[in-house]
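**Student:** Starting off with a structure, shown below.
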Protein chains: 2
Amino acid sequence: MNRKQLVDQIFSKQSFLCVGLDTDIKKVPECLLNNEDPIFDFNKAIIDATAQYCVAYKPNLAFYECMGVKGMISFERTIKYLKENYPDHFIIADAKRGDIGNTSSMYARTFFEEYDIDSLTVAPYMGEDSVTPFLNYEGKWVILLALTSNKGSHDFQLTADQDGERLFEKVIRKSQAWGDEQNMMYVVGATQGSMFQDIRKVAPNHFLLVPGVGAQGGSLQEVCKYGIIKDCGLLVNSSRGIIYASSGSDFAEAAAIKAEALQKEMAIELNKIK
Amino acid sequence: MNRKQLVDQIFSKQSFLCVGLDTDIKKVPECLLNNEDPIFDFNKAIIDATAQYCVAYKPNLAFYECMGVKGMISFERTIKYLKENYPDHFIIADAKRGDIGNTSSMYARTFFEEYDIDSLTVAPYMGEDSVTPFLNYEGKWVILLALTSNKGSHDFQLTADQDGERLFEKVIRKSQAWGDEQNMMYVVGATQGSMFQDIRKVAPNHFLLVPGVGAQGGSLQEVCKYGIIKDCGLLVNSSRGIIYASSGSDFAEAAAIKAEALQKEMAIELNKIK
């Protein structure tokens, strides 16, 4: 999916919501546990209930890998279901991969050829040749970690070099020589709301993937205040806040209510940049 | 496997060789391609041929994931085969994972509980809470990326902060508050031979996992000159140089010859620290 198609989806649906499919078997409602593939059935119900309120889905690979081969089958079925039934939704594989060039090429083959997913989160620590193999695919995106939403983000990402440039700024600046606004986004945690001002100084036009709204405590309004741009430029993710809104058999309806509430807030923000 | 057991293996086998099982279906010899699981059969033959010359095996997950569910089955079979037939070999899952605490816990569950692997490579960019979930397992190890073997390692890892501390040094120094010499190693590329002096200043006693000998051009002698310590403290990895030594039906014998040659060089180095 290219940028224009993504932006069209955002404005037509009045939403820049991404639903995180971090499906933990320990949190799947009891009513599904006797099914053959409870993870997939949970995802399918969540997707059907929330698709009208969001433009993207982001399964985090950890939650599937931890189930071994069975989990990867659930992951593949989820991707296939999305592509067949909701082809206009942007799919993000949240895998935070990154390895030497030779190996990153293998990961690119997996996610962009084998699964035909729109985008992949990538860790920047290993530098240019760990990122560029993902940039050779038309219509596919790298979403590079810049400033993450967790406490540990302070350990290294905020370290300033001798010119005063912080590591996350250096990652954003340097990586702009590898990809552009049509094939690269950055992860910026919502828990760092006021930092969006600094991010927009180095990446004025890039799309940002924003985790941390909801369970992790970030504020949508603050993110938009500093981060939104003319064509929106934001995908705001909520995982636990939506998919575990209820632990009962009404989990899908509860998820829809949470997603709709976020979509309504987003419509207000989009209205401001009209 | 704890440190003492690993060191005992190294001195009894006179080897600190790790064989990288980066098994690419495109490079598996033709004679195996009609088998039901050529990846596993290739690994099995390589393992049987090299086990006496090495103390560790390191499958890189990318090479298995790129085959989808089928690849993960080959991975699981390889781990099972190793554990049943070579229980004294240290197993490293080269996965370079790292995510927010909640998610890193899921990865820890996968690799340390589901697969019962000895160690996992972890990327440090997301800081403390992305690493510590892996440290709660007795006898299991985190192998944290510090200074990698690729060209892109220069992009961020060498950046000095305002006190002159470079990022890889900061990663090593800070992470010593999270784990210790009994449960944490560092990845340091062999292509950066002379840097081992600097590494040993911040990590005098930690084990280092050293990729980049062979195909990537690093020198074993230079690594040992600056990096070896009293109980060895090194695991030197070779992947392509061993497993693809021949593309014919003699691939396993050719791999054994390469592994034995490296083991002999290692015995000489171990002799120096007696």
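The values are calculated or read from the model by the stated rules, or taken from the named source; none is laboratory data. For clarity, every value in this text was computed on a predicted model and none was experimentally measured. Cβ: placed from backbone, ideal geometry, glycine included. Neighbour counts: every protein chain shown.
**Student:** Out of B:238, B:219, which single residue is of a type in the set (Gly, Ala, Ser), within 19 Å of residue B:149 (Cβ to Cβ), surrounded by 21 or more Cβ atoms within 10 Å (Cβ to Cβ) and in contact (Cβ under 8 Å) with a residue 24 or more places away in the chain?
**Tutor:** After ruling out the rest, the residue left standing is B:238.
**Student:** Say whether the condition of being outside any helix (DSSP H, G or I), over 20 Å from residue B:56 (Cα atoms) and more than 14 Å from chain A (Cβ to nearest Cβ) is met by at least one residue in region B:180-200.
**Tutor:** Yes, the conditions are met somewhere in region B:180-200.
**Student:** In region A:56-68, is there at least one residue being in contact (Cβ under 8 Å) with a residue 24 or more places away in the chain and away from every other protein chain (no Cβ under 14 Å)?
**Tutor:** yes
**Student:** I'd like the residue in region B:98-116 that is more than 7 Å from chain A (Cβ to nearest Cβ) and not polar (S, T, N, Q) and, out of all such residues, is nearest to residue B:128 (Cα to Cα).
**Tutor:** Step by step, filter region B:98-116, then rank; the result is B:108.
**Student:** Something else about it: For residue A:45, are the conditions met, namely being surrounded by 21 or more Cβ atoms within 10 Å (Cβ to Cβ), small (Gly, Ala, Ser), more than 13 Å from every other protein chain (Cβ to nearest Cβ) and more than 16 Å from the chain's Cα centre (by Cα)?
**Tutor:** no
**Student:** Ok, one more. Restricting attention to region A:159-176, which residues are at the interface with chain B (Cβ under 10 Å from one of its Cβ atoms) and either modelled with pLDDT under 95 or part of a loop (DSSP other than H, G, I, E, B) (or both)?
**Tutor:** Of everything in region A:159-176, those that are at the interface with chain B (Cβ under 10 Å from one of its Cβ atoms) and either modelled with pLDDT under 95 or part of a loop (DSSP other than H, G, I, E, B) (or both) turn out to be A:159, A:162, A:163, A:164, A:165.
**Student:** A further question follows. Has region B:224-233 got any residue that is under 23 Å from residue A:103 (Cβ atoms), of a type outside the set (Gly, Ala, Ser) and either touching a Phe, Trp or Tyr at 6+ places or on another chain (Cβ under 7 Å) or in contact (Cβ under 8 Å) with a residue 60 or more places away in the chain (or both)?
**Tutor:** Taking every residue of region B:224-233 in turn, none turns out to be under 23 Å from residue A:103 (Cβ atoms), of a type outside the set (Gly, Ala, Ser) and either touching a Phe, Trp or Tyr at 6+ places or on another chain (Cβ under 7 Å) or in contact (Cβ under 8 Å) with a residue 60 or more places away in the chain (or both).
**Student:** Further question on the same structure: Quickly run through region A:69-96 and pick out the residues that are facing another protein chain (nearest Cβ under 7 Å) and in contact (Cβ under 8 Å) with a residue 24 or more places away in the chain.
**Tutor:** A:73, A:76, A:96
**Student:** Here is a follow-up. Given the conditions (1) within 15 Å of residue B:62 (Cα to Cα); (2) at pLDDT below 95, which single one is not true for residue A:93?
**Tutor:** (2)
**Student:** How many residues are within 28 Å of residue B:33 (Cα to Cα) and in contact with a Lys or Arg (Cβ under 8 Å, 6 or more places away or on another chain) if we restrict to region B:205-242?
**Tutor:** Of the residues in region B:205-242, 7 are within 28 Å of residue B:33 (Cα to Cα) and in contact with a Lys or Arg (Cβ under 8 Å, 6 or more places away or on another chain).
**Student:** In this structure, is residue B:128 under 24 Å from residue B:174 (Cα atoms) and out of contact with any Pro (no Cβ under 9 Å at 6 or more places or on another chain)?
**Tutor:** yes
**Student:** Another question, then. Looking at B:103, B:121, B:148 in this structure, which one is over 19 Å from the mean Cα position of the chain (by Cα), crowded, with 24+ Cβ neighbours inside 10 Å and not aromatic (Phe, Trp, Tyr)?
**Tutor:** Values: B:121 fails: over 19 Å from the mean Cα position of the chain (by Cα); B:148 fails: over 19 Å from the mean Cα position of the chain (by Cα).
That would be B:103, the only listed residue that is over 19 Å from the mean Cα position of the chain (by Cα), crowded, with 24+ Cβ neighbours inside 10 Å and not aromatic (Phe, Trp, Tyr).
**Student:** Taking the residues in region B:124-145 that are within 7 Å of chain A (Cβ to nearest Cβ) and surrounded by fewer than 24 Cβ atoms within 10 Å (Cβ to Cβ) as candidates, determine which candidate is farthest from residue A:63 (Cα to Cα).
**Tutor:** Within region B:124-145, the match that is farthest from residue A:63 (Cα to Cα) is B:128.
**Student:** Regarding residue A:82, is this residue outside any loop (DSSP other than H, G, I, E, B), at pLDDT 95 or above and farther than 24 Å from residue B:152 by Cβ?
**Tutor:** For residue A:82, the condition - outside any loop (DSSP other than H, G, I, E, B), at pLDDT 95 or above and farther than 24 Å from residue B:152 by Cβ - is met.
**Student:** Quick check on my filter: what residues within region B:3-31 are assigned to a helix (DSSP H, G or I) and out of contact with any Ser or Thr (no Cβ under 9 Å at 6 or more places or on another chain)?
**Tutor:** Answer for region B:3-31, where residues must be assigned to a helix (DSSP H, G or I) and out of contact with any Ser or Thr (no Cβ under 9 Å at 6 or more places or on another chain): B:3, B:4, B:5, B:6, B:7, B:8, B:10, B:11, B:12, B:13, B:25, B:26.
Residue-by-condition table, conditions (1) surrounded by fewer than 23 Cβ atoms within 10 Å (Cβ to Cβ); (2) touching a strand residue (DSSP E or B) at 6+ places or on another chain (Cβ under 7 Å):
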| residue | (1), (2) |
| --- | --- |
| A:1 | yes, yes |
| A:16 | no, yes |
| A:25 | yes, no |
| A:28 | yes, no |
| A:33 | yes, no |
| A:55 | no, yes |
| A:59 | no, yes |
| A:65 | no, no |
| A:68 | yes, no |
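**Student:** Quick one: would you say residue A:268 is among the β-branched types (Val, Ile, Thr) and closer than 13 Å to residue A:53 by Cα? Outline the logic, then answer.
**Tutor:** Numbers: among the β-branched types (Val, Ile, Thr): yes; closer than 13 Å to residue A:53 by Cα: no.
Spelling it out, it is not the case that residue A:268 is among the β-branched types (Val, Ile, Thr) and closer than 13 Å to residue A:53 by Cα.
**Student:** Tell me, please, whether a residue that is free of Cβ contacts under 8 Å to residues at least 12 places away in the same chain and closer than 28 Å to residue B:208 by Cβ can be found in region B:30-45.
**Tutor:** no
**Student:** Testing residue A:274 on (1) of a type outside the set (Asp, Glu); (2) touching a residue at least 12 places away in the same chain (Cβ under 8 Å); (3) outside any helix (DSSP H, G or I); (4) over 19 Å from residue A:89 (Cα atoms), one condition comes back false. Which one is that?
**Tutor:** (2)
**Student:** Filter region A:174-200 down to the residues that are under 19 Å from the mean Cα position of the chain (by Cα) and of a type in the set (S, T, N, Q) and list them by number.
**Tutor:** Within region A:174-200, A:175, A:182, A:183, A:191, A:192 meet the criteria.
**Student:** Another question, if that's okay. Working only within region A:201-214, note down all residues that are part of a loop (DSSP other than H, G, I, E, B) and either within 15 Å of residue A:143 (Cβ to Cβ) or more than 15 Å from the chain's Cα centre (by Cα) (or both). Even if it seems obvious, please write down each step before you answer.
**Tutor:** At the first step, the residues of region A:201-214 found to be part of a loop (DSSP other than H, G, I, E, B) are A:203-207, A:211-212, A:214.
Selection gives A:203, A:204, A:205, A:206, A:207, A:211, A:212.
**Student:** Among the residues of region B:33-79, write down those that are polar (S, T, N, Q), under 17 Å from residue B:252 (Cβ atoms) and not in a helix (DSSP H, G or I).
**Tutor:** Of everything in region B:33-79, just one residue is polar (S, T, N, Q), under 17 Å from residue B:252 (Cβ atoms) and not in a helix (DSSP H, G or I), namely B:35.
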